[in-house]
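Notes to accompany the following structure.
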Amino acid sequence: MREAWLRVEELGADTLFTWDHFFPLTQYAGSRDGPHFECWTLLGAMAEATERVEIGALVTCNSYRNPNLLADMARTVDHISGGRLILGIGSGWFERDYDEYGYEFGTAPSRLRELDAALPVIRDRLAELNPPPVRNPPPIMIGGGGEKVTLRIVAQHADIWNGFGDPDRAAQKGRVLDDWCRRVGRDPAAIERSIAGIGPAALPHLDGYVEAGVTHLIMGTSGPEWDLSLLPKLVEWRDRRS
């Protein structure tokens, strides 16, 4: 994994993420009981091993850690990385993680309410920590596309929104997010738009994402192969656009 992180940085990526699960997701890893490590411990290693890329969780499950503790963990990893942490967070959804690790799964609405309540606590704790984060505060990325609640939470609390889908879907979600920003008194331009799950089929449509307001595209890969063959193509497109 460390070799893959260093290769990602060498190839010119801007960001590098891991996910926050306790078991593999079979659609990515092929086996529900395959080898797996915990997210934030890996982020500490990632912060130390790399030098340039911004790092983060795509995304932290709010349910798994007390928000004050999470803020302290994020501050610590931010220092290890020299100020390169993105604090990605979401409400959680993978029921096996909850069941096997003893967390109450609740309902989608209850998990969103808990996320909404946790974000101000995280902000307040980050502001009180000594020493403070290097990047003060680290940008908060919120993942999810629910138009009635999640995007309202994004509008109120996020610096980056992360979702999935083609350019048309990204544009549609962006319009909903813009509307929520206006309703809560936030400048829509203050929130960066990010799309994950970029694969080879997306290559002809990358310009369409930019036209939809997306400025952060994230490909995925999984071990043990860590296939990074798409990354140079994305970097070349990025540099040509720039």
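Brief remarks follow.
- Full-extension gain in nm, ARG240 to ASN68, via 0.36 nm per residue minus C-alpha separation: 57.7 nm
- Accessible surface of the chain [probe 1.4 Å, protein heavy atoms]: carbon and sulfur percent: 51 percent
- Estimated FRET transfer efficiency (GLU114, ARG182; beta-carbon r; R0 30 Å; 0.05): 0.70
- Among (1) 28, 20, 19; (2) 25, 23, 19; (3) 34, 21, 17, the entry derived from the coordinates for semi-axes √(5λ) of the Cα gyration tensor in Å: (2)
- Once the chain from TYR103 to ALA189 is taken as fully extended at 0.36 nm per residue, the excess over their C-alpha distance is 27.3 nm.
- LEU129 accessible area, assembled protein chains, probe 1.4 Å, Å²: 20 Å²
- Within a Gaussian network of the chain (alpha carbon springs, distance under 10 Å), most fluctuating of ASP72, ASP187, ASP179: ASP187
- The stretch between GLU95 and LEU203 holds 35.6 nm of extra length on full extension. This uses 0.36 nm per residue minus the Cα-Cα distance.
- Applying the criteria of a DSSP loop state and at most 13 other Cβ atoms within 10 Å to the GluC sites (Glu not before Pro) of segment 176-236 yields GLU225.
- For TRP19, the solvent-accessible surface computed with a 1.4 Å probe is close to 70 Å², ligands and nucleic acids excluded.
- Karplus 3J(HN,Hα) series, Hz, for segment 116-132 with 6.51 cos²θ - 1.76 cosθ + 1.60 (x for Gly, Pro): 4, 6, 6, 4, x, 5, 4, 4, 5, 5, 4, 6, 9, 5, 10, x, x
- Segment 133-242: chymotrypsin sites (Phe, Trp or Tyr not before Pro) in DSSP loop, at most 13 other beta carbons within 10 Å: TRP226
- Accessible area in the full protein assembly, largest first, 1.4 Å probe, for VAL8, VAL134, VAL149: VAL134, VAL149, VAL8
- Solvent-accessible area per residue, Å², over segment 123-242 with all protein chains present [probe radius 1.4 Å]: 52 Å²
The values are calculated or read from the model by the stated rules, or taken from the named source; none is laboratory data. Predicted model only: the values in this text are computed from it and were never measured. All Cβ positions, even for glycine, are placed from backbone atoms using ideal geometry, and neighbour counts span all protein chains on display. With ligands, DNA and RNA removed, areas are computed over all heavy atoms of the protein, side chains included. Shrake-Rupley method; radii C 1.70, N 1.55, O 1.52, S 1.80 Å.
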